[in-house]
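Below is one structure, written out as structure tokens; comments come after it.
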């Protein structure tokens, strides 16, 4: 299961938002926060890879952010029964919302304590 989730971070950044007309699944606040932080970590990690100065001010997220992404995605899929395709749509929506509202930087202090060393 985890190996199938790893490409989602790249897909999240590389694919335009799809299936916008699909109804949003019901997620708990905790599940939505896990996915929102996953999207945040994916975008900041991408920024770090490309040398973005704002992204580089945070701890390296290539490994810890990816691990969080995988664990959070698997947990939400297990708890909700979402397919990978449905999860991808939700993650894309979260990422788009973060970009539209310019909230990536504001999310980092909220999300950083959730990294794997503190557990999910």
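Worth pointing out:
- Residue match in the range 51-74 (condition: in contact (Cβ under 8 Å) with a residue 40 or more places away in the chain, surrounded by fewer than 15 Cβ atoms within 10 Å (Cβ to Cβ) and in a loop (DSSP other than H, G, I, E, B)): yes
- Residue selected from the range 78-92 under the condition touching a helix residue (DSSP H, G or I) at 6+ places or on another chain (Cβ under 8 Å) and not in a helix (DSSP H, G or I), by the criterion surrounded by the most Cβ atoms within 10 Å (Cβ to Cβ): 82
- Of the residues 32, 4, 36, the single one that is at pLDDT below 90 and either surrounded by 12 or more Cβ atoms within 10 Å (Cβ to Cβ) or in a helix (DSSP H, G or I) (or both) is 4.
- Evaluation of residue 77 against (1) more than 13 Å from the chain's Cα centre (by Cα); (2) at pLDDT 90 or above; (3) under 21 Å from residue 58 (Cα atoms) (one fails), failing number: (3)
- No other residue among 45, 95, 10 is at pLDDT below 90, within 11 Å of the chain's Cα centre (by Cα) and either surrounded by fewer than 19 Cβ atoms within 10 Å (Cβ to Cβ) or assigned to a helix (DSSP H, G or I) (or both) apart from 10.
The values are calculated or read from the model by the stated rules, or taken from the named source; none is laboratory data. What you are looking at is a predicted structure, and each value in this text was computed from that prediction instead of being measured. Virtual Cβ from ideal backbone geometry, glycine too; neighbours counted across all protein chains shown.
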